[in-house]
Structure formats: C-alpha cells, structure tokens
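Scroll down for the structure; my scribbles are underneath it.
What follows draws every value from the coordinates through simple rules; no lab data is involved. Everything quoted here is computed from the prediction, not taken from an experiment. Cβ sites come from the backbone with ideal geometry, for glycine too, and all protein chains shown count toward neighbours.
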Amino acid sequence: MDTPVMPVPRQLPAAVRDFIGRTVELGKLQEVLSAGAPPLVVVEGMGGVGKTSLVVRWAHTAAEHFPHGTLFVDLRGYGPSTPLTAQVVLVGFVQALGVPISRMPGELDAIIGLYRSLLADRRVLVVLDNAVSADQVRPLLPGVGGSAVLVTSRGALPGLAATEGARSLLVEALPLDESVALARQVIGDVRADAESDALTRLVSLCGGLPLALRVATGRVARRRHRPISDLITELEDDRRRVEGLSAVGDDRSAVEAVFDASYRRLPGAQARVFRLLGLHPGPEFSVSTAAELTNLSTSNVFDVLEALADAHLVEPRASSRYRMHDLLRSYAATRVDPNEQTEAVPRLVNWYARAADAADRALFPKTSPIAVEPLPTVSGVPDFDRPSAMAWMDTEYPVLDAVLRLAQRAGMWSAAVLLAGAFRYLTLRPRVLWPLRLEAETIGLDAARVGGFREAEALLAIRRAGAYRKLEAWAESDADFDRAMTLGHELRNIVRICDALCGRGLNELSQGRYPAALDSYRAALPLARCTGDARLEAVVECNLSAIRIRLGDYLDGLRHAERELVLRRRAQDKPGEAYAWYGISVARLRLGDPRTALAAGQRAVKMFREVRAQERDIARAAETLADAHTELGELEHAMRALRTARSIMVHFGDPRADEVSLRLERMEAGATPLD
C-alpha cells in the first residue's frame, strides 16, 4: 500500500510589495536560523513599526529551509477582537498538517500532543503574529524536532525567554534613509527628487513607522497636483494637537496625526465607510458585511473598499474579504458620530444574527427554530446549503463570538439569542472547541431571560444541557434539563417537557442508571405521542428498546424497536430507520434468533452506509453481525465483520479497539471467541 502524502501547508500571507530596508533585522533572523538549534524568536516593537511585514518577508525568503511548510496565524492580541485561544489555533494547524476533523482529539492536552507529534519529524516554520502573552503562545510551540517559531508582539514576552529560551529581536522605527527610500518607492523618484526637502520633513513627521509612512505617502501619490508641503502643514498642526491630548508619546502622536490628515481628505463616502468599519468587532469582514454596516449596495461598498485599500487604510484578503490594522480600526472608531453608531451597530448585529440563523437552519434542518421577536429585514444574507453553511461558520465563528458580545452590550436580546443558538455548530467540530459553545449559549440564555423570550430560554436550556452531556458534566446538564422542564410546565409546552425528560433519561442511560432512565423515557412516551411528531416518538421508542435490552428484557426491547421502525418510516427518517434495524438485530440475537438478527443487522449496516452515518454506528452494527455469524458457526464472516469494526475503532481512537483486536486474534487462532 502506498504511503499517504502528507500535506505541505503554505499559510503565509503575501509579502508587502514596497518592503524596504530592515537589512540588519533580516540578518539577525538569518543568524538565529543558522545557529543550529531550532529557534524561537520574539520579534517585538510598537504597533505600526512593521513587525509582521518583516517576519513575513523573511519567512518567504527562508521557505527553502522549511520543506514541510509554513503555518501562520494572527493571534489578535491587540485591537477590538477577542484574542484567539489555543484550541481554535491548534484545530486549524492540525487540520493543515493533514489530520481530518473526524480524527481530532477532544481534549486540549491531547491535541497539543498530536500537534507536537506531527511536527516532531518535520521542518516547519510557525509564525504566531500579534501575541499578547506568553501563555497564549506556549501551547502552540512545537516540541522536539527541526521546526522554528517566530512570534510578533508589542511586548517582550519575557516569560518565553525565561522558560523556553526564546531570543528577542527589537524592531525600532525605520532609520531616516530607509524611511525616505520607502516614501520614494510609493510616490516615485521624479516627484521625490523635485521635492526632496519636503519629503524628508514628511518622513520625519511619520516617526519612522511604516504604517504611517504608507498612509501619508499614499495620499501624496494620489494628489499629484498638490505639493507635499500642504500635507506637512496639516501634519504639523495635527501633531501639536494630538500631543496636547495624548500622554502616550511622540510615536503614537505621529501615527494619529498621519491618520487625521488622511482621514480629513477622504471623499465623503470613503470617510463614512472608513469610520464605520471601526465599529466592526472582528478581525476581518466581507463585502456583504460592510454593505450592511454602511447601508450601501455591495457594488458601491466594494468600490469604496478598493479605494481605501489603495490608500493603505484597509488590506485586501482572499474571497472579497478585507481587514484593518488594529491601530487604524481603533482610530476609525473614534471618528464615528454617536448617531451613526446608533444606526450602524444594529444593522451589523442584525445582519450577522440573520446570517447565523440561516446557516444554523441549513446545518440542522429538522430541529425547532428559536422563537424571538422578528429582526428587521437585511440584505445580502447567503442562501446556504449544508456545505456552504459549514464553510461560512468555519470562517465566521470567531467574528460571531465578538458580535454576540456586542449584541449583549447593546441590549439586542433577539439577535443575541439567535447568534448564541448558531454555536451548536461547534459540536460538529472537535471536542476541544465545545466549551466555546457553552460560553455562547450561556450568553444566549441570559439574553432570552432578560428579553422575556421564555420559549427560547427553554429551547436553549435543552441545547446547553446537551452540550454539557457531551462533555460529561452530568450535574450541569441535569440542572439545565430541570430548568427546561420547569419552563415547559409554565408554558404548557409538552414538547419541551418531553425533551427535558428524554434528556434526563439519556443522561441516566449514559451513566448506566438503567431503572432511572426507564422511568424517564416511560414518562416521555405519552407526551411524545401527544405531539403528533413521529420522529420524536421514534426517538423515545429507540431509547426504551436500548434500556430494556440492557436490563435483560429482550422481548420488550424488540417490541420497542419494531414500533420505532414503523415510526421512522412514517417520518421518512432514513438515518433513524437504520437505528431501528440495529435495535431489532440486537434484540433478536439476545432472544436466540441469530438468523433474523443477521438479516436485520445487514440492513442496518447497508442503511448506515447509504445515509453516511457516523462510522462509529457502523462499527457497533458490525460487531453485532460478528456475534450473529459466530452463533451460526460462520467464523470467516464473523472475522470479516470484526475487522471492519476494528478498522473503524482504530481510525477514531476508540479504546475498545484493543478488546475487538484480542477477540479477533483468538478467532483467527482457532480459539473459542470471547463472549
């Protein structure tokens, strides 16, 4: 069998086209790389000094030293966005290194171990941009091996030097000659030669910060009919004004003075879009989002964004997405008029809430919608199918987290509830991300309670209880199911009462408390019948069948499974029909009818495969087939079924894989198979 080809990630953003100078810093990075031991370097310096541009430039030139790829992430340690957690970053890195979502470990320590194991025999460059603390960085460091790490931060991160042996590289303001060279590259040699003294004065006013230089010289380049001295006059006035209001110091004042001068000269539409973008809480935004925030058409806002990109006030990203430097974002927010903010924030929040709810419905089409007050109509919400909804949520959920908190602060309770409800998507992602769902649903529950949406509160309590159950936080899960049951009785909502009873029953079943689980599901069954929802009733029958079989009541277990099959067909629930056949197979086998059990089990496996069910379900059904074949003396077929089960269990790291392997080994050796 051919060895699988491991992917080679290349995640670096494009290097800036007008990069100038930094010869000394580039040389120091190269020295560290050549020193022997895999380096860990913290590149520190003030905001806007060009740390990221420096590191990305060097990383592109050093790519040949890292044949197994480059990993890059903006940790968002500064600015309005919530800094990224290790869980979120590691899931992306491990996927990029070739591990599918289905094989992702559930615990943070396990995923850190997997990440380091993947890098142990590879030479990969890991770039961690905008780190805010050593604790944010440590889980992302490789263990042994030949991989290198570059970290950028506005602080020195001395903890990494003390415990990890990190080297530090301070990036200071550009020297005058390099600053002039950068300015000449933007405005052209002819004009630079004609106004050389003014250009030198302009450069000095920018404080040697590349971000300020690019913004200022970009403006000069666009206004060829005006002398550089006009801009210098503005900057000198703004610099004195900013210094009088700021205790931060000259460098910050220089940046703000440049921003002020550029902002005031923007045409009306560009100035409005620029300042409103300062209200966006996420690290990136799409054209559709900007259109809703600014109340412009997508075509108009696209033209404005491209103009702002030419002025170095926003940065284009892939797929019609843009980002702003955090200094520019902070500056833009200070220019928003209170009335504009009052109008724009609700538009933004409602757009995300509508889009998140649409994605959630595409991902979970058979579940109840959340009942809140209707949101205003918005435009540009994608028309999702399941794959596009999954892709959108993968891209946007960090932004949704920030928007959810914005909705909470603004008292937009309906939007907050819908945004929180969409976070159940994370349960489709690695377990290590599930706590983020709990945080969001907690905010949503508070919003539902304060907003008076009691139906929504009951539904979110059911959902959060399910999330707690998946994390085996039994007490918290039971408390939420109790909360939902109380609300269900107050609202006279039998569906919520039934959901809560089933939830408690599943908790009890999962913990092996079969008599208690039986009581819960028996109480839920008449309620499920009253709802007229065949699928809900089938779920109750399914669990009653499983409980009865575990208690040794095989005939009752069979009766429940057969009733489940009728209900699944009535509800046209193909995945559920496979579960019913599996229950029938287990019950028939326990009743001493292996031939019928075998036929039912084969139908279960076939249907599980047809509906692309979780492979763990196929493994369980394959084990039952092996039991039936063994009872019938068909050992070759039994071993084939066990090999199928074992393969799936090994693939997913199921601890029972060893048990199945031992059983298979004994059968292959001709010994009596284990019971």
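Overview of values
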| quantity | calculated |
| --- | --- |
| Tail fraction, Cα-Cα pairs, the range 462-587, threshold 24 Å, whole percent | 25 percent |
| Estimated inter-spin distance, Ser117 and Arg569, nm [label 7 Å along Cα→Cβ] | 4.6 nm |
| Listed candidates (i) 199; (ii) 161; (iii) 181 - label of the one calculated as volume of the Cα convex hull per residue in Å³ | (iii) |
| Neighbourhood charge, 12 Å Cβ-Cβ cut-off, centred on Asp310 and excluding it, Lys, Arg +1 and Asp, Glu -1 | 0 |
| Hull shadow area, averaged, the range 23-170 [alpha-carbon convex hull, nm²] | 8.6 nm² |
| For His68, His489, His280, order by how many other beta-carbon atoms lie within 10 Å, fewest first | His489, His68, His280 |
| Residue exposure sequence - Asp189, Asp230, Asp573 - by fewest surrounding Cβ within 10 Å | Asp189, Asp230, Asp573 |
| Trypsin sites (Lys or Arg not before Pro) restricted to DSSP loop in the range 594-673 with at most 13 other C-beta within 10 Å | Arg612, Arg656 |
| Rounded to 5, the percent of DSSP beta bridges in the chain classed as antiparallel | 25 percent |
| Residues whose placed amide H lies under 5 Å from that of Val43, excluding near-sequence neighbours | Val151, Thr152, Ser153, Leu169 |
| Shape box of the range 268-336 [Cα atoms, principal axes, largest first, Å] | 26, 24, 21 |
| Within the chain: Cβ-based charge dipole about Cα centre, in debye rounded to nearest 20 (Lys, Arg +1; Asp, Glu -1) | 1020 debye |
| Environment charge at Leu114 (Cβ cut-off 12 Å; Lys +1, Arg +1, Asp -1, Glu -1) | 0 |
| Residue exposure sequence - Trp58, Trp392, Trp474 - by fewest surrounding Cβ within 10 Å | Trp474, Trp392, Trp58 |
| Whole-Hz ³J(HN,Hα) from phi, Karplus 6.51 cos²θ - 1.76 cosθ + 1.60, for the range 464-481, glycine and proline x | 5, 4, x, 5, 4, 4, 4, 8, 6, 8, 5, 5, 5, 5, 4, 4, 5, 5 |
